[in-house]
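> I'd like to ask some things about the structure below.
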Amino acid sequence: MLGYIIRRLFVAVIVIIGVAAITFAILHYLSPTPAYIVLGSKASKLAVAIWDRQHGYNRSELAQFISYLGNIVHGNFGFSYKNNQSVTALFQEDGPISAYLSGAALVLSLIIAIPLGVAQAVKRNSPGDYAATAINFTLYSMPSFFLGLILIQIFALDLNIFPPGVSDDVTTIGAAITHPNQLFLPIITLTLLNVASYSRYMRSSTLDELAQDYIRLARAKGLSERVVLSRHLFRNASLSMITLVGLSIPYLVAGNLLIEVLFNINGLGLLFYNAIGNEDYNVMLAYTLLGALLTVLGNLFADVAIATADPRVRLD
Amino acid sequence: MTDPRNITPEQRIEEIGPQALSVPASLGGLRPAPEGGEVHFTQSGWRLMVREYASNRLAVFALGLLIAIILFCFLGPVFYHSNQTLADPLSANLGPGQTPLTGGASHLLGTDENGLDEFGRLMVGGQSALEIGAFASLVAILIGTLYGAVSGLIGGFVDGIMMRFVDVLLSIPYLLIVLVLATKYNGTVLDLSLVLGVFSWLIPARLVRGEVLTLRTRDFVVAAQTMGASRWRLIYRHLIPNAMSVTIVNVTFLVADSIIYLAVLGFLGLGLQFPDTSWGDMLGNALQYVLAGQWWLVYPVGGMLVAVVLCCNVIGDALRDAVDVRLRRR
């Protein structure tokens, strides 16, 4: 197991370097130097050339990339000239609120989706199952910001229970916990979107398990339906969720982006969105790398966790 | 009496009896199926697929609705004339049925902030959304099919390298890379289609490669190889047509995803140039519209968008089931 993890981590490093190379190449092609952002768009060619020379942007792309990789190893992700701060500091500042948003939505959606999926499978083809499937399918086909808009319309404007946006002073987890109503709508939006895909998987994996012999045996020996479902079926059917959660970790990052823009939450997604407008490409590069890192680690987590939870799965 | 060539095998049996299936002795002779044995008729896999699809009422409905929306967007402007090119500030932000200050007829779905008729805008925006969705998936499927077929057919070391490259690209979150590209390439239908298509060929490439790996050991491919068919001929004449069913299923999901991501780009302000528009661009200021109570600028276009994506997803699911039926016969 340990050997397997080490080998996978080794592959992960290669993948991350590959992602860094591709993203670096694209960003460099789109905007070769941040000089015009620092010096203004009307800067003279000479001033730009001098600035490039001072900051190493006159070197070959390969040399720049290698020194970028070297800096990453030391935890230095470059400088955001627009925010006048190091990218690492920006991420430390904005990261926690994004993580809180994703984490809360993930936990909530599992709490809702697992029982919902089981209930749908047990009462399959009932009106309730059809209704839940129809709602899930619709949510699944919706851009996340549109769902957010609908929720703003209902809960903020029509019912006036929650604020339509998040106020600027909610930037830390502490503030988020003491003002739970501020982040309620964004979290619910993300949760509903997750539930739409999770409960579909939970429903189908429960259906698979219901057809197994051990369920028939449990019923045949006279166990009550409640015990069959909660003690026998539930644990086996939930195994597929482990993989799904691992694979959906990177989508949480991307999903956050739109929600943070819509609700004006000062997280990593909004940081990336502002970086796009400002050609702040050290921020873009770092956020993309974070996404890639989460993808790779999410895959690894899914494989290791499923092997730990399910003795039938062996890693080698 | 109908033309004997047009009757189905079932009808032939009813007319002629079990001998209908036997081959005349002059052609080598073949006995009819033994008594009590079940007789299966060979039918084209595609026809089975169509029949399976048609038995799914929801999927047929989704297909009908999708066609209706396509007709609405592309033929609608022929019947419903409206100003879609010149900004008209005097009639901006009118509600449905509200008459402009300058006089004239009211608008069915009101007007947007440029004073353009919203109902007509739905059609124009739908045209570009559907075009970009279709074109982006076409780009993705072309690259993906070719890449997957080449990778699977060559196999070995080259295949390994080509697939690791796909793995690396798949590790980049799609939304982020699309946003980065869209900062420079937006404004036209072609730009946005390429931006959306150029990174979504990865899943089709994997699927096609998997298909090719199983196909290339099959007798007809081996036979073609022994007859001296070139690699290129193998790919376009034998492998791609047989992997087609898998790709067709994927296309519907690709169209759905492309339309969603196009909407996301529009929402973030990276869409088409005015007066061109897509459904996503129309939702660019949606938050302000919602807060200002201008529902007609948000929910009709959002509803159309969700309906199209939903139809594509339902069609894709049904096609996948139908393809399973086809593949089971292999």
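> Any residue at all in segment A:233-247 that is within 14 Å of chain B (Cβ to nearest Cβ) and assigned to a helix (DSSP H, G or I)?
For segment A:233-247, residues within 14 Å of chain B (Cβ to nearest Cβ) and assigned to a helix (DSSP H, G or I): present.
> Which of the following residues is of a type in the set (Lys, Arg) and modelled with pLDDT under 85: A:82, A:123?
Selected residue: A:82, the only one of A:82, A:123 that is of a type in the set (Lys, Arg) and modelled with pLDDT under 85.
> Can you tell which of B:276, B:321 is more than 10 Å from chain A (Cβ to nearest Cβ) and either of a type in the set (A, V, I, L, M, F, W, C) or touching a Phe, Trp or Tyr at 6+ places or on another chain (Cβ under 9 Å) (or both)?
Exactly one of B:276, B:321 is more than 10 Å from chain A (Cβ to nearest Cβ) and either of a type in the set (A, V, I, L, M, F, W, C) or touching a Phe, Trp or Tyr at 6+ places or on another chain (Cβ under 9 Å) (or both), namely B:321.
> Hey, among B:166, B:222, which residue is away from chain A (no Cβ under 14 Å) and part of a helix (DSSP H, G or I)?
From the options B:166, B:222, the qualifying one is B:222.
> While we're here: Can you confirm whether residue A:73 is surrounded by fewer than 16 Cβ atoms within 10 Å (Cβ to Cβ), of a type in the set (A, V, I, L, M, F, W, C) and within 30 Å of residue A:273 (Cβ to Cβ)?
yes
> What are the residues in segment B:160-196 that are within 21 Å of the chain's Cα centre (by Cα) and charged (D, E, K, R), if any?
If the condition is that a residue be within 21 Å of the chain's Cα centre (by Cα) and charged (D, E, K, R), then B:191 is the only one that fits.
> Something else: Quick test for you: out of B:160, B:76, pick the one residue that is free of Cβ contacts under 8 Å to residues at least 60 places away in the same chain, assigned to a helix (DSSP H, G or I) and crowded, with 16+ Cβ neighbours inside 10 Å.
B:76
> Can you confirm whether segment A:259-280 contains a residue that is surrounded by fewer than 23 Cβ atoms within 10 Å (Cβ to Cβ), away from chain B (no Cβ under 14 Å), within 30 Å of residue A:120 (Cα to Cα) and in contact (Cβ under 8 Å) with a residue 12 or more places away in the chain?
No, every residue in segment A:259-280 fails to be surrounded by fewer than 23 Cβ atoms within 10 Å (Cβ to Cβ), away from chain B (no Cβ under 14 Å), within 30 Å of residue A:120 (Cα to Cα) and in contact (Cβ under 8 Å) with a residue 12 or more places away in the chain.
> Moving on to the next point. Working carefully through the options B:303, B:266, B:271, find the one that is out of contact with any Ser or Thr (no Cβ under 7 Å at 6 or more places or on another chain), within 14 Å of chain A (Cβ to nearest Cβ) and of a type in the set (Gly, Ala, Ser).
None of the others qualify; the one that does is B:303.
> For residue B:202, are the conditions met, namely being within 13 Å of chain A (Cβ to nearest Cβ), out of contact with any Pro (no Cβ under 7 Å at 6 or more places or on another chain) and more than 18 Å from residue A:284 (Cα to Cα)?
yes
> How many residues, within segment B:189-199, are of a type in the set (Val, Ile, Thr) and either in contact with an Asp or Glu (Cβ under 8 Å, 6 or more places away or on another chain) or at the interface with another protein chain (Cβ under 7 Å from one of its Cβ atoms) (or both)?
1
> Let me ask you something else. Working carefully through the options A:203, A:216, find the one that is at pLDDT 85 or above, in contact with a Gly (Cβ under 6 Å, 6 or more places away or on another chain) and assigned to a helix (DSSP H, G or I).
Result: A:203 is the single residue among A:203, A:216 that is at pLDDT 85 or above, in contact with a Gly (Cβ under 6 Å, 6 or more places away or on another chain) and assigned to a helix (DSSP H, G or I).
> Out of (1) surrounded by fewer than 24 Cβ atoms within 10 Å (Cβ to Cβ); (2) not in a helix (DSSP H, G or I), what's the single condition that is false for residue B:235?
Just one mismatch for residue B:235, condition (2).
> Considering A:90, A:157, which residue is at pLDDT below 85, buried (at least 20 other Cβ atoms within 10 Å of the Cβ) and more than 29 Å from residue B:311 (Cβ to Cβ)?
A:90
Residue-wise test of (1) crowded, with 21+ Cβ neighbours inside 10 Å; (2) over 24 Å from residue B:125 (Cβ atoms).
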| residue | (1), (2) |
| --- | --- |
| B:145 | yes, yes |
| B:148 | yes, yes |
| B:169 | no, yes |
| B:185 | no, no |
| B:193 | yes, no |
| B:218 | no, yes |
| B:223 | no, yes |
| B:228 | no, yes |
| B:240 | no, yes |
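> Mind counting the residues in segment A:209-226 that are among the hydroxyl-bearing types (Ser, Thr, Tyr) and under 21 Å from residue A:239 (Cβ atoms)?
Residues flagged as among the hydroxyl-bearing types (Ser, Thr, Tyr) and under 21 Å from residue A:239 (Cβ atoms) within segment A:209-226 amount to 1.
> Looking at (1) of a type in the set (A, V, I, L, M, F, W, C); (2) away from every other protein chain (no Cβ under 14 Å); (3) assigned to a helix (DSSP H, G or I), which one does residue A:223 not meet, given that it meets all the others?
(3)
> On to the next question. What residue, among those in segment A:19-50 that are of a type outside the set (Ser, Thr, Tyr) and in contact with a Ser or Thr (Cβ under 8 Å, 6 or more places away or on another chain), is farthest from the other protein chains (Cβ to nearest Cβ)?
A:48
> Is segment A:118-127 home to any residue that is part of a loop (DSSP other than H, G, I, E, B), within 14 Å of another protein chain (Cβ to nearest Cβ) and either under 18 Å from the mean Cα position of the chain (by Cα) or surrounded by fewer than 15 Cβ atoms within 10 Å (Cβ to Cβ) (or both)?
Yes, some residue in segment A:118-127 is part of a loop (DSSP other than H, G, I, E, B), within 14 Å of another protein chain (Cβ to nearest Cβ) and either under 18 Å from the mean Cα position of the chain (by Cα) or surrounded by fewer than 15 Cβ atoms within 10 Å (Cβ to Cβ) (or both).
> From the list B:141, B:177, B:132, pick out the single residue that is free of Cβ contacts under 8 Å to residues at least 40 places away in the same chain and aliphatic (A, V, I, L, M).
Selected residue: B:177, the only one of B:141, B:177, B:132 that is free of Cβ contacts under 8 Å to residues at least 40 places away in the same chain and aliphatic (A, V, I, L, M).
> Further question: For residue B:233, only one of the following conditions fails: (1) more than 30 Å from residue A:277 (Cβ to Cβ); (2) in contact (Cβ under 8 Å) with a residue 24 or more places away in the chain. What is its number?
Among (1) more than 30 Å from residue A:277 (Cβ to Cβ); (2) in contact (Cβ under 8 Å) with a residue 24 or more places away in the chain, the lone unmet condition for residue B:233 is (2).
> Scan segment A:281-297 for residues that are among the β-branched types (Val, Ile, Thr), at the interface with chain B (Cβ under 7 Å from one of its Cβ atoms) and under 19 Å from residue B:182 (Cβ atoms) and report the count.
1
The rows are residues; the columns are (1) modelled with pLDDT of 90 or more; (2) under 22 Å from the mean Cα position of the chain (by Cα); (3) crowded, with 21+ Cβ neighbours inside 10 Å; (4) under 25 Å from residue B:88 (Cβ atoms).
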site	(1), (2), (3), (4)
B:258	yes, yes, yes, no
B:284	no, no, no, yes
B:289	no, no, yes, yes
B:309	yes, yes, yes, no
B:317	no, yes, no, no
B:320	no, yes, no, no
B:327	no, yes, no, no
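> Restricting to segment A:128-150, give me the number of residues that are of a type in the set (A, V, I, L, M) and either on the phi > 0 side of the Ramachandran plot or facing chain B (nearest Cβ under 10 Å) (or both).
Selection size over segment A:128-150: 6.
> Let me ask you something else. Taking the residues in segment A:153-184 that are touching a residue at least 40 places away in the same chain (Cβ under 8 Å) and assigned to a helix (DSSP H, G or I) as candidates, determine which candidate is nearest to the other protein chains (Cβ to nearest Cβ).
Once the filter is applied, the top-ranked residue is A:176.
> Within 22 Å of the chain's Cα centre (by Cα), in a helix (DSSP H, G or I) and more than 23 Å from residue A:83 (Cβ to Cβ): does that describe residue A:6?
no
The values are calculated or read from the model by the stated rules, or taken from the named source; none is laboratory data. Treat the numbers as computed from the prediction; the structure is a model and nothing was measured. Neighbour counts are summed over all protein chains in view; Cβ atoms, including those assigned to glycine, are modelled from backbone coordinates with ideal geometry.
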